[in-house]
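A short write-up of the structure that comes next.
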Amino acid sequence: MLSEIDAVRIVTDAFPGSRIEKPIEYRGVYLFQVFSSDPLEGGQDPFFSVNIQTGELRDFSVITDGDPKEIERKFLGKHPNP
């Protein structure tokens with residue numbers, strides 16, 4: 001089983017110089033929001049997953065790969081409003 005620290009390292013290595021938000025656990029993956037300052041990539045969907053069992057990094061669509069409301073609720077739970 002992959003630790004969150006290992007998953008962060010995988011994403012950081014894949015997206016150097018990007019702002020990477022703390023992940024959530026969701027359906028067997030660590031789900032990240034990755035924001036790039038690159039004008040060509042900055043407008044793309046910011047979600048990426050790292051499989052907890054295999055360490056595989058993939059694009060993630062909140063619409064086709066999951067439940068958008070549940071994902072939003074989990075991310076907001078990580079960053080509550082003051």
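Each value in this text was obtained by applying a stated rule to the coordinates, not by laboratory testing. Only a predicted model underlies this, so the values are computations on that prediction, with no experimental measurement involved. Backbone-built Cβ (ideal geometry, glycine too); neighbour counts: all protein chains shown.
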Practice task
Residue by residue through the range 1-40, note down the ones that are acidic (Asp, Glu) and either in contact with a helix residue (DSSP H, G or I) (Cβ under 6 Å, 6 or more places away or on another chain) or in a loop (DSSP other than H, G, I, E, B) (or both).
Solution key: Glu21, Asp38
Fill in the blank from the handout: Counting only residues in the range 1-20 that are in contact (Cβ under 8 Å) with a residue 40 or more places away in the chain and among the small types (Gly, Ala, Ser), the one surrounded by the most Cβ atoms within 10 Å (Cβ to Cβ) is identified as Ala7
Problem - All positions within the range 56-71 that are within 13 Å of the chain's Cα centre (by Cα) and either in a loop (DSSP other than H, G, I, E, B) or buried (at least 18 other Cβ atoms within 10 Å of the Cβ) (or both) - result: Glu56, Leu57, Phe60, Ser61, Val62, Asp65, Gly66, Ile71
